[in-house]
Amino acid sequence: MGLFSSQRTVIRADIGLTRSIFSKVQIDLRDHNLGKPVLLLKDNFGASGKLVLRHMLNKTHGLTLFLNASYWEFGKSDKRSIQNNIETVPVQEPMSQTTIVEFGATYFYKF
Amino acid sequence: MQIQVIYRRYNCYNQPITIKTLKLMYTHPFFRRFFSFLLFYLSSYSICIAASTEAIISTKYLLIEHANYNIYGDRLNKEQGRIPGLQLAVSSTSKRLEGIASVDIYSGNVPYDGKATNGDFSSTTSIKLNRFSYRLMKSDLIVTPNFTALLPLVTGIEIFNHKAI
């Protein structure tokens, strides 16, 4: 979505919806002789947003400033019983929430 | 791997007035192979008709917060940290297509606040993320497919180390 536009400067905003599918997590339990079981996570929704300012310094050089934000959730995984030579251990990944905010600056050269 | 579907609506001056994005993330091997093949095919098409090319260098800063919860909503642990990164990319734009190939490198530490498997209640996790991605957009359609893909099976470039120290 264009918020502002001039001959040399553009400001843009995007809003997104995220849906995870076929989500898996691998847990490294090799220290306990339980291998690396793969668990299926419950899929869930998330959201993302982006704000970008792009400015041309001249015909070939330019700068960009950006801010990205993402949020998503995973439900708890299926429960699996993992067995080594000594014991049987139930393994389950709990539900989780993740937020990532990314910001930065870009220099670009236009050929 | 992610798939993004972007919906754009244009006003009478051909300026986008609404954009809706649906992003899907999945890890099934079949879809990775299929889209890796598709993206390589499309990228060669994009380069053939490219009208404008940009070389891009970016410095980035990631703020990450990750928490796990039990079934009652109580927080089990929390990882919160800042990770600096660097991106090198090449963007190729034509009248109809825009393709961006990039290499991202992130490295940093994330404090872990919670019960670890060895019984500690706090520790630090080091994260290194090296990523190759390719995104292709077709800009003249109302419904715009927008693919963002990691290609670990084809290139082996995606390396994710998540190691407690």
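Values in this text are rule-based calculations from the coordinates and carry no lab data. Keep in mind the model is a prediction, meaning the values are calculated, not measured. Cβ placement follows ideal geometry from the backbone for every residue including glycine, while neighbour counts extend to all protein chains displayed.
Which GluC sites (Glu not before Pro) from the range A:44-111 combine a DSSP loop assignment with at most 13 other Cβ atoms within 10 Å? Here the sparse-neighbourhood loop sites are A:Glu87. Amide H to amide H distances under 5 Å link A:Gly35 with A:Leu29, A:Arg30, where only residues 5 or more positions off or on other chains count and H is placed in the peptide plane. Among the listed pairs A:Lys36/B:Lys60; A:Lys36/B:Lys78; A:Lys76/B:Lys60; A:Lys79/B:Lys60; A:Lys50/A:Lys76; A:Lys76/B:Lys78, those whose Cα-Cα separation exceeds 26 Å are A:Lys36/B:Lys60; A:Lys76/B:Lys60; A:Lys79/B:Lys60; A:Lys50/A:Lys76.
What's the Kirkwood radius of the range A:55-111 in Å, using all Cα pairs?
For the range A:55-111, inverting the mean 1/r across all distinct Cα pairs yields 16.0 Å.
Using only side-chain charges placed at the Cβ, +1 for Lys and Arg and -1 for Asp and Glu, the dipole size of chain A relative to its Cα centre rounds to 600 debye. The three principal axes of the C-alpha atoms in the range A:5-67 carry coordinate ranges of 62, 25, 14 Å, sorted with the longest axis first. A Förster distance of 51 Å, applied to the separation of the beta-carbon atoms of A:Thr98 and A:His61, puts the FRET efficiency at 0.90. Among A:59-68, B:60-69, sorting by the average number of other beta carbon atoms lying within 10 angstrom of each residue, highest first, gives B:60-69, A:59-68. Compactness of chain A, taken as the C-alpha radius of gyration over 2.2 N^0.38 Å, stands at 1.68. Under the simplified labelling scheme, the B:Asn109-A:Arg19 pair shows an inter-label distance of 4.2 nm, with each label point 7 Å from Cα along Cα→Cβ. For the range A:2-109, build the charge dipole from Cβ charges (+1 Lys, Arg; -1 Asp, Glu) around the Cα centre, then report which of A:Thr88, A:Gly16, A:Leu40 sits farthest towards its positive end. Farthest along the dipole direction, towards plus: A:Gly16. Scalar couplings 3J(HN,Hα) for the range A:38-52, obtained by applying the Karplus form with A = 6.51, B = -1.76, C = 1.60 to θ = phi - 60°, are 9, 10, 8, 8, 6, 6, 8, 9, x, 8, 9, x, 9, 10, 10 Hz; x denotes Gly and Pro. Summarising the amide proton neighbourhood of A:Glu93: residues at separation of 5 or more, or on other chains, whose placed amide H is nearer than 5 Å comprise A:Ser77.
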